[in-house]
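Engineer: Input: one structure, supplied below.
Just so you know, all these numbers are worked out from the coordinates, no wet-lab data involved. What you see is a predicted model, and the numbers here were worked out from it, not measured in a lab. Quick reminder, even Gly has a Cβ in these numbers, built from the backbone with ideal geometry, and neighbours come from all protein chains shown.
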Amino acid sequence: MMRIDIITVLPELIEGFLFHSIPKRAQDKGLVEIQLHNLRDYATNKYRQVDDYPFGGGAGMVLMIEPIARCIEKLQSERSYDEIIYLTPDGKPFKQADANELSGKQNLILLCGHYKGIDERVREHFVTREISIGDYVLSGGELAAAVVADAVIRLIPGVLSDETSALTDSFQDNLLAPPVYTRPADFRGWKVPDVLLSGNHKAIEEWRYEMSLKRTQERRPDLLSSNDSK
Ligand code: ADE
């Protein structure tokens, strides 16, 4: 079973995402275990302090190394980790291929930053991978950790049924997914494409592939021309 440990100052922010829907089903099926760790529980002083002013001055607070080191080392005393991932806007842009790769790992730690960031020594001495979920700055790493965990969990074998298979997702072949429709076949004269009602599976597959290609050409030509988006 895969295990994901998430270190954060705001565990309640993550609960709403990872204890519902598909991630919840994956946990109920015993395919993944998610544990949240409140960084304040690892603070070293009685004020449960986890952040402090930056050396050299400047705006914003910085997460201290001691509580993070204590939390990580306690977890490492219980099992070994394949990756200790820090969520940060200056990390490597997260792609479906990264989700695919991480879904094959056993034990992961996701470390959420806050305020102006974390003491650089955490990144040098503990973190093995740094991930950004996009070129914008969030208030903290919690949303980013939830995004990464969700994208990874749904790819663990057995989490999705055949009908919801990840094989037909956008990005899976570096293509965007084709359009989908459901009943009614005619709403105010807005009709579902005939081919989808034809029962001709080969024609349907071809149509879907054509639409995927067209959509990708129109919206994301970068996916077709480069390998770095993989
Ligand atoms: N923390 C703040 N912004 C972030 C981003 N864009 N990606 C990952 N972690 C973040």
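Engineer: Output yes when any residue across region 171-182 is of a type in the set (Val, Ile, Thr) and either in contact with a Pro (Cβ under 7 Å, 6 or more places away or on another chain) or within 16 Å of the ligand (Cβ to nearest atom) (or both), and no when none is.
Structural biologist: no
Residue-by-condition table, conditions (1) under 23 Å from the mean Cα position of the chain (by Cα); (2) more than 30 Å from ARG3 (Cβ to Cβ):
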position	(1), (2)
ALA149	yes, no
PRO157	yes, no
LEU160	yes, no
ALA166	yes, no
LEU175	yes, yes
THR182	no, yes
ASP194	no, yes
LEU197	no, yes
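Engineer: Can you pull out the residues in region 155-195 that are hydroxyl-bearing (Ser, Thr, Tyr) and in contact with a Leu (Cβ under 9 Å, 6 or more places away or on another chain)?
Structural biologist: Within region 155-195, SER170, TYR181 meet the criteria.
Engineer: I'd like the full set of residues that are within 23 Å of THR168 (Cβ to Cβ) and within 6 Å of the ligand (Cβ to nearest atom), limited to region 130-155.
Structural biologist: Within region 130-155, just ILE133 meets the criteria.
Engineer: If you don't mind, there's one more thing I want to ask. If you take just the strands (runs of 3 or more DSSP E) that sit entirely in region 1-106, which of them hold at least 1 residues that are more than 15 Å from ILE131 (Cβ to Cβ)? Explain how you work it out, then say what you get.
Structural biologist: On the way: elements: 2-8, 32-38, 83-93.
Counting at least 1 such residues, we get 2-8, 32-38.
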